[in-house]
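Novice: Next up is a structure, given as structure tokens.
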Amino acid sequence: MEQHRDLLDVTCPQCGTMLLIIPFPTAADTRQAAAAGNAKAIAEIPRIDAQEQRWREDSATELRTPGQLPEIDGDELVIDWDTDHSDTDRPVTVLRHGDRELWREACYWEGYGRFNQVAKLLRQRYGRRVVELRPTSRSEMHLYGDRWAVGGYLDKVNAALRGGINSDDPQWPSWW
């Protein structure tokens, strides 16, 4: 049995055959059940509201356009992808070039998709000068989450940066 973000699955311990997939109810499912009078669903609404508020707050911190990043001098830019636990009750991802902080945003569990999005924005802002988006050891827990195979994917993103591949090129790595 393995619990994922959106579902629970059960496989046969002998042969590995998938036996059962149980999707968790969505917020919309819970709201619909609450509207129909389901007491358990009604009790969940404050938790759902709080979670959705957190998602909105986190989303508001995200780097969205290359123009939000400052100009940096240098021919070969290495940007550190770090995680900072000191300022808030929630960890944040911090982008740094040397000692200079470039951006700070919400940190996501299994944030490798976000890593790719940010790498593309860095490529768009700094062009071929950016040669690496380097995860720090502090960032690995949130960046990898439960998917330790992600390291190979991050290597592909950095190979694209080093190789001068444009972020809109079909050769740019995709997780899917």
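Novice: Please identify the pairs in which a residue from region 92-108 that is in contact (Cβ under 8 Å) with a residue 40 or more places away in the chain has its Cβ atom under 8 Å from the Cβ atom of a residue that is of a type in the set (Lys, Arg), counting only partners at least 6 apart or on another chain.
Specialist: Taking only residues 6 or more apart or on different chains, the pairs are Thr93/Arg104; Thr93/Arg114; Ala106/Arg90; Tyr108/Arg114.
Novice: For residues that are over 16 Å from the mean Cα position of the chain (by Cα) and under 30 Å from Gly127 (Cα atoms), tally how many sit in region 47-93.
Specialist: Result for region 47-93: 15.
Novice: How many residues does region 142-176 hold that are over 15 Å from the mean Cα position of the chain (by Cα), closer than 20 Å to Leu77 by Cα and part of a helix (DSSP H, G or I)?
Specialist: 7
Novice: Additional query: Condition first: part of a helix (DSSP H, G or I) and not hydrophobic (A, V, I, L, M, F, W, C). Now tell me which residues in region 38-54 satisfy that.
Specialist: Hits for region 38-54 are Lys40, Glu44, Pro46, Arg47, Asp49, Gln51, Glu52, Gln53, Arg54.
Novice: Condition test on Leu133, is it at pLDDT 95 or above, touching a helix residue (DSSP H, G or I) at 6+ places or on another chain (Cβ under 8 Å) and among the aliphatic types (A, V, I, L, M)?
Specialist: Spelling it out, Leu133 is indeed at pLDDT 95 or above, touching a helix residue (DSSP H, G or I) at 6+ places or on another chain (Cβ under 8 Å) and among the aliphatic types (A, V, I, L, M).
Novice: Inspect region 113-133 for any residue being surrounded by fewer than 20 Cβ atoms within 10 Å (Cβ to Cβ), of a type in the set (Lys, Arg) and in a strand (DSSP E or B) and give the result as yes or no.
Specialist: Checked region 113-133: no residue is surrounded by fewer than 20 Cβ atoms within 10 Å (Cβ to Cβ), of a type in the set (Lys, Arg) and in a strand (DSSP E or B).
Novice: Can you tell me which residue among Trp109, Trp103 is under 26 Å from Lys156 (Cα atoms), assigned by TED's automatic domain parsing to the domain that holds Arg147, assigned to a strand (DSSP E or B) and aromatic (Phe, Trp, Tyr)?
Specialist: Only one candidate passes the filter, namely Trp103.
The values are calculated or read from the model by the stated rules, or taken from the named source; none is laboratory data. Predicted, not measured: the structure shown is a model, and the values here were computed from it. Cβ atoms come from the backbone with ideal geometry, glycine included; neighbour counts cover every protein chain shown.
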